[in-house]
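*Asks:* Before anything else, here's the structure in question.
The values are calculated or read from the model by the stated rules, or taken from the named source; none is laboratory data. Nothing here was measured: the structure is a model prediction, and the numbers come from that model. As a convention, Cβ positions derive from the backbone with ideal geometry for all residues, glycine included, and neighbour counts pool all protein chains shown.
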Amino acid sequence: MARTIKILLAKLGLDVHNRGVVTVARELRDSGMEVVYIGNAPPHAIIKTAIQEDADVVGVSSLAGAHMTLGKKLIEAANKEKIKDRTCFLMGGVFSPADAKKMSEMGFDGVFMPGSTKEEIVSSVCEMVSKKHPE
Amino acid sequence: MGKEQGKRIKEILQERARNRKNTPLYSTKTVDGLRQKFNEWKETKVSEKDQKDWNVTPRTILGSSISRELLYTPLSNPNFDYEEDLGFSGEEPFTRGIHPNMYRGREFTMRQLAGFGSPEDTNQRMKFLLENGATGLSLLFDIPTIQMYDSDDPFSAGQVGMSGVCVDSVDDWHLLFKDIALDEITLSIVTHFPSNTAILLPMYLVLAEERGISWDKLRGSVQNDMTMEELVRSGPEYIPPRDCFRVQCDNIEFLRKNVPQWNFITLNGYNLREYGTSGVTEMAVALANGTETLKEQLNRGFDIDEIADRLAFFWAPANDFFEEIARLRAVRRLWYKLIKYVFNAKRERSMWMRCHVQTSGVSLIQQEPLNNVVRSAYHALASVLGGAQSLHVDSYDEAYSVPTEEASLLSLRTQQIVQAETQVTQVVDPLGGSFYVEALTNEIEKRILDELDEIEKAGGYIEALEQGNLQKKIVGYFSDEQRAIEEGEIKVVAYNTYKSSYEPPPINVFEYPEGVEEQQKAKLADLKAKRDNKKVKAALDALREACKNGDNILPYSVQCARVRCTEGELFKVFKEAFGIWNRTILM
């Protein structure tokens with residue numbers, strides 16, 4: 001792809017587990033993307049930072065059960081700031097396939113359950129960014 | 001003085017090793033004869049390929065990449081000295097176990113975690129486990145509680161009661177332990193960090209006080225581990241490492257003096273390894289923290305034999321079956337050597353490596369979840385063959401959510417089947433003397449000590465943590481592990497090996513009870529209106545002062561708990577007094 005994809009990664013809320021998001025951050029960086037990882041942040045702060053950073057993609061990590069409650073708040077905040085059209089939203093972490101489906105319906109462009117590979121994540125990101133930015 | 005000035009632990013132990021007993025089990029003549037026969041056998045019976053690949057390096061999740069021979073014989077350990085290397089069970093060097101009769105005398109504690117929703121919800125799950133044969137309790141808090149924010153804090157929104165139970169004040173503890181006799185249970189309060197230990201444990205002590213139970217009757221443990229607070233977890237706010245270490249030591253000092261049956265630290269261990277590192281590094285870091293902690297306690301005036309015996313460990317048994325058995329034996333022997341030869345302890349109890357284990361969660365996957373029952377069963381069996389004192393077995397829905405009741409029960413049954421049906425507990429250290437297990441035990445002990453030495457050479461545990469060395473090492477490990485899994489070097493059944501298109505029937509997934517956050521917020525509003533807020537302010541001010549002037553902070557946090565301060569209020573005091581650590585987020 002011609003442009004460098006910029007991705008903002010965050011731990012959603014107070015979740016303590018960061019092994020996955022750090023692994024993904026490095027994988028995305030190694031595949032040529034610009035990665036900004038901000039650690040723990042509540043939904044509204046993640047959106048604010050996404051705007052400040054002009055991120056193409058926002059990826060959040062949740063292994064502590066709050067993916068539905070905080071995921072919903074994140075999408076709502078994104079809609080409120082009208083950035084959904086140009087920004088892709090990803091959710092990764094520990095949750096059931098049933099919840100994964102609900103999060104797709106909620107507005108996440110990509111949902112990654114345990115076992116997702118680097119290949120899957122990187123190619124998904126590239127694909128969804130080019131959809132939202134056909135230029 | 002407990003430690004020779006200037007000498008590192010490895011140096012002290014190497015010197016001591018020169019004074020080994022010299023009672024080798026095998027005679028030189030027999031060994032030489034056997035070596036000849038072995039070489040003949042190898043050349044004539046063993047295929048060329050096997051001769052070439054005599055050593056292989058197994059790769060598994062969280063493995064240590066220690067190479068293994070095709071066949072182990074006395075030649076793998078020719079200087080094997082039963083008295084020096086093993087001893088009898090319950091005797092120095094404790095390789096074979098800390099008690100002569102091990103599980104015949106005392107079964108391993110079946111200590112399954114409980115924690116979700118409201119205190120009332122968790123009270124139900126604890127009772128369920130006790131009714132079905134659990135012999136110990138283990139209490140897990142929700143993320144806001146672990147991170148020390150109240151349930152009504154804006155940062156806690158949407159997360160209250162998830163992945164653990166929410167508690168904010170002593171009132172919640174009364175609900176948690178309704179109809180559970182505190183003096184009849186042993187309770188592991190999973191306070192991961194020193195900071196939240198200094199907040200939550202006092203609440204438990206005040207609960208006991210208000211129920212008329214004296215603290216000397218309380219039995220249990222806290223995690224109280226700086227590795228968790230400063231290295232493993234991700235969080236929005238950290239206090240500086242040296243203040244965190246101080247709090248860790250305040251907790252220990254206070255508990256030693258006031259709650260004599262309480263295990264005041266459970267060294268990591270588990271969470272560090274699950275974060276992503278080998279079983280060797282897991283133990284080296286735990287030992288580094290442990291030794292530095294003991295040194296500080298000696299500085300505070302304790303004799304080693306007054307303090308070492310309530311220090312405990314927390315390990316994560318994973319897939320490599322024999323490595324898991326061997327490393328429990330290795331660290332038991334190594335800890336004995338540390339306490340005896342570096343700290344000069346006289347009491348045997350001081351030298352025991354007592355541990356709780358939790359079977360590895362990251363080794364369990366989402367695909368075909370019932371396979372995880374088998375994985376966890378092997379992890380549990382290895383722990384028992386290695387001589388652990390207490391177990392939690394992770395449940396098959398680990399990659400989905402908090403365990404359902406049926407999944408939690410099956411984990412408990414896994415332990416009970418090991419105890420009642422497999423008969424492995426009838427014989428102490430059943431694998432002792434195995435040529436393989438003894439060789440592996442030796443190798444792992446050596447590696448743990450080497451890594452401990454690296455930490456010491458880098459300035460010690462706190463320094464290595466502050467400088468980010470440990471972080472870097474672990475991030476490197478888990479990044480490589482992910483690659484190894486994706487490239488198929490590490491095989492995971494039904495994920496990258498033995499894959500099929502089979503779709504198993506869906507499992508029940510735990511659903512959190514509704515309304516917990518609202519309920520908790522209402523309780524907090526009520527609490528803050530009813531309590532004596534003058535006393536609250538006075539207690540928090542006194543705590544802040546103690547943080548700053550170096551007094552042991554526990555008596556002050558106990559007072560805070562009594563007057564119904566909330567957890568977030570105490571964490572705020574710590575932040576005010578100690579400041580925020582400007583921690584680099586490593587990528």
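*Asks:* Among A:Asp99, A:Asp85, A:Asp109, A:Asp56, which is more than 14 Å from every other protein chain (Cβ to nearest Cβ) and over 14 Å from the mean Cα position of the chain (by Cα)?
*Replies:* Within the list A:Asp99, A:Asp85, A:Asp109, A:Asp56, the selection yields A:Asp85.
*Asks:* Take B:Ala308 and decide whether it is assigned to a helix (DSSP H, G or I), within 22 Å of B:Ile66 (Cα to Cα) and either touching a residue at least 40 places away in the same chain (Cβ under 8 Å) or in contact with a helix residue (DSSP H, G or I) (Cβ under 6 Å, 6 or more places away or on another chain) (or both).
*Replies:* So B:Ala308 fails the test.
*Asks:* Given the condition within 12 Å of chain B (Cβ to nearest Cβ), in contact with a strand residue (DSSP E or B) (Cβ under 8 Å, 6 or more places away or on another chain) and at pLDDT 95 or above, answer yes or no: does some residue in the stretch A:122-129 qualify?
*Replies:* No.
*Asks:* I'd like the full set of residues that are part of a helix (DSSP H, G or I), within 14 Å of another protein chain (Cβ to nearest Cβ) and within 18 Å of the chain's Cα centre (by Cα), limited to the stretch B:355-376.
*Replies:* Scanning the stretch B:355-376 gives no hits.
*Asks:* Related question: Considering the stretch B:417-438 alone, what residues qualify as being surrounded by 15 or more Cβ atoms within 10 Å (Cβ to Cβ) and either assigned to a helix (DSSP H, G or I) or under 22 Å from the mean Cα position of the chain (by Cα) (or both)?
*Replies:* B:Val418, B:Gln419, B:Thr425, B:Asp429, B:Phe435, B:Tyr436, B:Val437, B:Glu438
*Asks:* Could you list, in sequence order, the residues of the stretch B:504-518 that are assigned to a helix (DSSP H, G or I) and crowded, with 17+ Cβ neighbours inside 10 Å?
*Replies:* If the condition is that a residue be assigned to a helix (DSSP H, G or I) and crowded, with 17+ Cβ neighbours inside 10 Å, then B:Val516, B:Glu517 are the ones that fit.
*Asks:* In this structure, does B:Val190 turn out to be more than 30 Å from B:Gln419 (Cβ to Cβ) and in contact with a Phe, Trp or Tyr (Cβ under 9 Å, 6 or more places away or on another chain)?
*Replies:* Criteria not met by B:Val190.
*Asks:* Something else about it: With the requirement that a residue be closer than 14 Å to B:Leu370 by Cβ and outside any loop (DSSP other than H, G, I, E, B), what does the stretch B:486-503 give you?
*Replies:* B:Val493
*Asks:* Answer yes if at least one residue in the stretch B:377-399 is of a type outside the set (A, V, I, L, M), within 19 Å of B:Pro504 (Cα to Cα), outside any loop (DSSP other than H, G, I, E, B) and touching a residue at least 60 places away in the same chain (Cβ under 8 Å), and no otherwise.
*Replies:* No, the conditions are met nowhere in the stretch B:377-399.
*Asks:* Restricting to the stretch B:233-279, name every residue that is in a loop (DSSP other than H, G, I, E, B) and among the hydroxyl-bearing types (Ser, Thr, Tyr).
*Replies:* Result: B:Ser234, B:Tyr238, B:Thr277, B:Ser278.
*Asks:* OK, next. Out of B:Glu209, B:Glu282, B:Glu230, report the one residue that is over 29 Å from A:Leu63 (Cβ atoms) and part of a helix (DSSP H, G or I).
*Replies:* B:Glu209
*Asks:* Hey, among the residues in the stretch B:225-251 that are of a type in the set (Asp, Glu) and within 14 Å of chain A (Cβ to nearest Cβ), which one's farthest from the chain's Cα centre (by Cα)?
*Replies:* B:Glu237
*Asks:* Please enumerate the residues belonging to the stretch B:43-94 that are assigned to a helix (DSSP H, G or I) and among the acidic types (Asp, Glu).
*Replies:* Listed by number, the residues that qualify are B:Glu43, B:Glu48, B:Asp50, B:Glu83, B:Glu84, B:Asp85.
*Asks:* Another question about this same structure. I'm told A:Val22 meets every condition in (1) at the interface with chain B (Cβ under 10 Å from one of its Cβ atoms); (2) in a loop (DSSP other than H, G, I, E, B) except one. Can you identify the failing condition by its number?
*Replies:* (2)
*Asks:* Being of a type in the set (A, V, I, L, M, F, W, C), touching a helix residue (DSSP H, G or I) at 6+ places or on another chain (Cβ under 9 Å), away from chain B (no Cβ under 14 Å) and touching a residue at least 12 places away in the same chain (Cβ under 8 Å) is the requirement here; does A:Ile46 meet it?
*Replies:* The answer is no for A:Ile46.
*Asks:* Between a first residue in the stretch B:512-524 that is of a type in the set (D, E, K, R) and a second residue that is buried (at least 19 other Cβ atoms within 10 Å of the Cβ) and part of a loop (DSSP other than H, G, I, E, B), which pairs have beta carbons less than 6 Å apart while being 6 or more apart in sequence or on different chains?
*Replies:* If the second residue must be buried (at least 19 other Cβ atoms within 10 Å of the Cβ) and part of a loop (DSSP other than H, G, I, E, B), the pairs left are B:Glu517/B:Val160; B:Lys521/B:Asp152.
*Asks:* Sticking with this one: Are there any pairs, at least 6 apart or on different chains, whose C-beta atoms fall under 8 Å, with the first in the stretch B:71-94 and closer than 14 Å to B:Tyr336 by Cβ and the second hydroxyl-bearing (Ser, Thr, Tyr) and surrounded by 18 or more Cβ atoms within 10 Å (Cβ to Cβ), and if so, which?
*Replies:* B:Asp85/B:Thr95; B:Leu86/B:Thr95; B:Gly87/B:Thr95; B:Glu92/B:Tyr336; B:Pro93/B:Tyr336; B:Phe94/B:Tyr336
*Asks:* Right, another one. Being in a loop (DSSP other than H, G, I, E, B) and more than 14 Å from chain A (Cβ to nearest Cβ) is the filter here, so list the residues in the stretch B:153-175 that pass it.
*Replies:* Within the stretch B:153-175, B:Val167, B:Asp168, B:Ser169 meet the criteria.
*Asks:* Scan the stretch B:491-510 residue by residue and report those that are within 13 Å of chain A (Cβ to nearest Cβ) and in contact (Cβ under 8 Å) with a residue 60 or more places away in the chain.
*Replies:* The answer is B:Val492, B:Val493, B:Ala494, B:Tyr495, B:Pro504, B:Ile507, B:Asn508, B:Val509, B:Phe510.
*Asks:* Further, regarding this structure: Considering only the stretch A:1-16, state which residues are more than 7 Å from chain B (Cβ to nearest Cβ) and either touching an Asp or Glu at 6+ places or on another chain (Cβ under 7 Å) or in contact (Cβ under 8 Å) with a residue 12 or more places away in the chain (or both).
*Replies:* Answer for the stretch A:1-16, where residues must be more than 7 Å from chain B (Cβ to nearest Cβ) and either touching an Asp or Glu at 6+ places or on another chain (Cβ under 7 Å) or in contact (Cβ under 8 Å) with a residue 12 or more places away in the chain (or both): A:Met1, A:Arg3, A:Thr4, A:Ile5, A:Lys6, A:Ile7, A:Leu8, A:Leu9, A:Ala10, A:Leu12.
*Asks:* Further question on the same structure: Being exposed (fewer than 12 other Cβ atoms within 10 Å of the Cβ) and modelled with pLDDT of 95 or more narrows it down to one of B:Ala529, B:Ala484, B:Ala577, so name that one.
*Replies:* The match here is B:Ala529.
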